[in-house]
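One structure is given below, encoded as structure tokens.
The values are calculated or read from the model by the stated rules, or taken from the named source; none is laboratory data. Owing to the predicted nature of the structure, the values given are computational and were not obtained by experimental measurement. Backbone-built Cβ (ideal geometry, glycine too); neighbour counts: all protein chains shown.
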Amino acid sequence: MEQTQKLAVLIDADNAQPSIVEGLLGEIANYGTANVKRSYGDWTGPGLKGWKDVLLEYSIQPIQQFGYTRGKNSTDSALIIDAMDLLYTGNFTGFCIVSSDSDFTKLASRIRESGLVVYGFGEKKTPAAFVSACDKFIYTEVLRGKTDESVKIAKKSANELKQDAKLVNLLRNAVEASSDESGWAQLGPVGSNIAKQSPDFDPRNYGYGKLGELVAATKLFEIEQRQIGDTNSKAVYVRDKRKK
């Protein structure tokens with residue numbers, strides 16, 4: 001039986017919206033159990049008043065951090081110090097850092113150097129350095145779309161997907177790297193290869209719930225379902241149509 005990951009969830013409330021929390025915790029549940037949930041900010045000011053009900057509802061511990069100096073983000077420092085303290089306990093297998101701030105790039109790298117997994121959550125404006133420092137990065141616009149129809153991401157058409165050179169190259173390279181001599185690749189390894197190349201890849205960014213749906217929507221690949229041995233289970237295989 002696979003052991004559930006023990007995760008520390010650290011939220012930069014100065015840099016995240018309370019509207020993402022429901023989707024955020026639902027997403028985190030896919031990866032493991034949130035053993036620690038903390039949100040950092042100056043709770044005495046008016047800027048974070050929208051967080052109060054969310055903190056209570058989801059049992060997130062608010063960590064008070066006064067802004068001692070104008071122009072300096074003391075919230076970031078408090079989060080980083082707590083993260084290192086939690087890392088040294090040895091009680092966790094991964095961290096979830098919720099912010100769009102590049103100041104957490106070094107923290108993510110340091111945690112990964114210790115052999116732990118880092119999941120980043122932030123808006124699409126998040127600097128590439130922080131995104132790349134995480135094992136996986138999920139854009140919070142996707143999470144808000146689960147509960148707010150006004151921000152739901154529309155499905156991109158086949159033509160729109162084909163015009164996205166970065167996406168097409170990413171998919172084709174992953175299929176090629178995972179394929180057998182005939183060009184067929186099982187979808188699972190393809191997804192693993194994509195995650196290694198691009199931490200922020202997510203089919204939901206294109207309006208599709210699963211990788212298989214996105215691959216099919218591009219109309220660039222053949223798709224087959226094959227039975228696994230003598231079981232009733234099936235695996236999805238894909239092949240670049242150019243291999244015909």
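When you scan segment 1-8, do you find a residue that is over 23 Å from residue 77 (Cβ atoms), within 17 Å of the chain's Cα centre (by Cα) and basic (Lys, Arg), even just one? Yes, because at least one residue in segment 1-8 is over 23 Å from residue 77 (Cβ atoms), within 17 Å of the chain's Cα centre (by Cα) and basic (Lys, Arg). Being crowded, with 18+ Cβ neighbours inside 10 Å and either assigned to a loop (DSSP other than H, G, I, E, B) or among the polar types (S, T, N, Q) (or both) is a condition met by at least one residue of segment 54-62. Filtering segment 80-95 to residues that are closer than 12 Å to residue 108 by Cβ and under 19 Å from the mean Cα position of the chain (by Cα) leaves 83, 94, 95.
Condition check ((1) touching a Leu at 6+ places or on another chain (Cβ under 9 Å); (2) of a type in the set (Ser, Thr, Tyr); (3) part of a helix (DSSP H, G or I)) across all residues:
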{"position": "172", "(1), (2), (3)": "yes, no, yes"}
{"position": "181", "(1), (2), (3)": "no, no, no"}
{"position": "189", "(1), (2), (3)": "no, no, yes"}
{"position": "192", "(1), (2), (3)": "no, yes, yes"}
{"position": "195", "(1), (2), (3)": "no, no, yes"}
{"position": "200", "(1), (2), (3)": "no, no, no"}
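Residues that are among the acidic types (Asp, Glu) and touching a residue at least 60 places away in the same chain (Cβ under 8 Å) were ranked within segment 196-229; the one that is farthest from residue 143 (Cα to Cα) is 200. Among the residues of segment 147-162, those that are modelled with pLDDT under 90 and of a type outside the set (A, V, I, L, M) comprise 147, 148, 149, 150, 152.
Across segment 122-141, the qualifying residues are those that are acidic (Asp, Glu) and more than 20 Å from residue 112 (Cα to Cα), and the one among them that is modelled with the lowest pLDDT is 141.
Any residue in segment 41-53 that is more than 18 Å from the chain's Cα centre (by Cα), assigned by TED's automatic domain parsing to the domain that holds residue 122 and polar (S, T, N, Q)? Yes - at least one qualifying residue is present in segment 41-53. Taking every residue in segment 14-27 that is in contact (Cβ under 8 Å) with a residue 60 or more places away in the chain and pairing it with any residue that is of a type in the set (S, T, N, Q) and surrounded by fewer than 19 Cβ atoms within 10 Å (Cβ to Cβ), at least 6 positions away or on another chain, the pairs with Cβ-Cβ distances below 9 Å are 14/73; 15/73; 19/147; 20/147; 22/147; 23/147. Residues in segment 107-133 that are farther than 19 Å from residue 77 by Cα and in a loop (DSSP other than H, G, I, E, B): 114, 115, 116, 123, 124, 125. Taking every residue in segment 170-182 that is under 8 Å from residue 193 (Cα atoms) and pairing it with any residue that is surrounded by fewer than 16 Cβ atoms within 10 Å (Cβ to Cβ), at least 6 positions away or on another chain, the pairs with Cβ-Cβ distances below 6 Å are 178/189.
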